[in-house]
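Structure, as structure tokens:
The values are calculated or read from the model by the stated rules, or taken from the named source; none is laboratory data. Small disclaimer: the values here were computed from a predicted structure and weren't measured. Neighbour counts run over all protein chains shown; Cβ positions are idealised from the backbone, glycine included. Heads up: the accessible areas ignore ligands, DNA and RNA and are worked out on the full protein's heavy atoms, side chains in. Shrake-Rupley method; radii C 1.70, N 1.55, O 1.52, S 1.80 Å.
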Amino acid sequence: GTLVNALTWHFQQLSGVNGPERPGILHRLDRDTTGIIVVAKNDLAHAQIARQWENRRVRKEYLALVEGTPQLDADQIDRPIGRNPKVREKMMVDGLNPREAVTVYEVHRRYRGYALILAKPRTGRTHQIRVHLASVGLRILADSMYSSRSNFTLADITGRAEDAETVLLERQALHAWRLSLWHPITGKPMSFEAPVPADMRRTQEYLERLAGDSGRTG
């Protein structure tokens, strides 16, 4: 039931750079994060695209629904990220063995107590967007690791106890929406988009209706 199993079944050949456990996989998405992932079908393409990643030529854009009120319409978070010394699975700003981490973000829509954020990571640290946004008071909805909430319900918007049974999100509201890179053979620019998943669309619709949508800002 994994992506790797599906890829090896669908394609007769994939890049072997990462070995048989991760054939063709060029990068990772956090568990329960949806969206675009890049897969190389041969070693040459893998090497060329990996070089673009190393040189920070690949542009990634994520959409995130967050709790909190952004003070700015756009900002850059430049804070190193390392491992949490108490919980090994977690990362944190200025943790153990911190490495440079930069995320640019824009506020696309503001709601009463919530916002839709477009995040553009300039580096690729583990859990980077989730950690960076949380560090400025913008916790991604239903992010069990960094917001202490494993779900998001209609009651969180309306305040009515009877709406608690309507669960809108059961995983972090983070989606790898757009990715741009250069074709590994022709050198032509390419850009791809993944449609926003149904759970995030539904949550945004409720926020727009019930949480005082104040419009697009970015």
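For the stretch 138-215, the strands (runs of 3 or more DSSP E) that sit wholly inside it and include 1 or more residues that are free of Cβ contacts under 8 Å to residues at least 24 places away in the same chain are 167-169, 189-193.
In the stretch 162-210, the qualifying residues are those that are among the small types (Gly, Ala, Ser) and either farther than 30 Å from residue 39 by Cβ or surrounded by 12 or more Cβ atoms within 10 Å (Cβ to Cβ) (or both), and the one that is farthest from the chain's Cα centre (by Cα) is 164. Here the condition is being under 20 Å from residue 33 (Cα atoms), in contact (Cβ under 8 Å) with a residue 24 or more places away in the chain and not in a strand (DSSP E or B); of 125, 88, it holds for 125 alone.
Number of residues in the stretch 104-130 that are on the phi > 0 side of the Ramachandran plot and at pLDDT 95 or above equals 1. Picking from residues in the stretch 53-66 that are open to solvent by less than 100 Å² (accessible area, probe 1.4 Å) and either assigned to a helix (DSSP H, G or I) or of a type in the set (D, E, K, R) (or both), the one that is nearest to residue 111 (Cα to Cα) is 61. Assess whether residue 87 counts as being crowded, with 19+ Cβ neighbours inside 10 Å and among the β-branched types (Val, Ile, Thr). No, not satisfied. Pairing each residue of the stretch 1-29 that is without any contact (Cβ under 8 Å) to a residue 40 or more places away in the chain and farther than 29 Å from residue 123 by Cβ with any residue that is of a type in the set (Val, Ile, Thr) and open to solvent by 30 Å² or more (accessible area, probe 1.4 Å), provided the two are 6+ apart or on different chains, yields C-beta distances under 9 Å for 11/39.
Does residue 16 satisfy the condition of being at pLDDT below 95 and open to solvent by less than 50 Å² (accessible area, probe 1.4 Å)?
Details: at pLDDT below 95: yes; open to solvent by less than 50 Å² (accessible area, probe 1.4 Å): yes.
Answer is yes for this residue.
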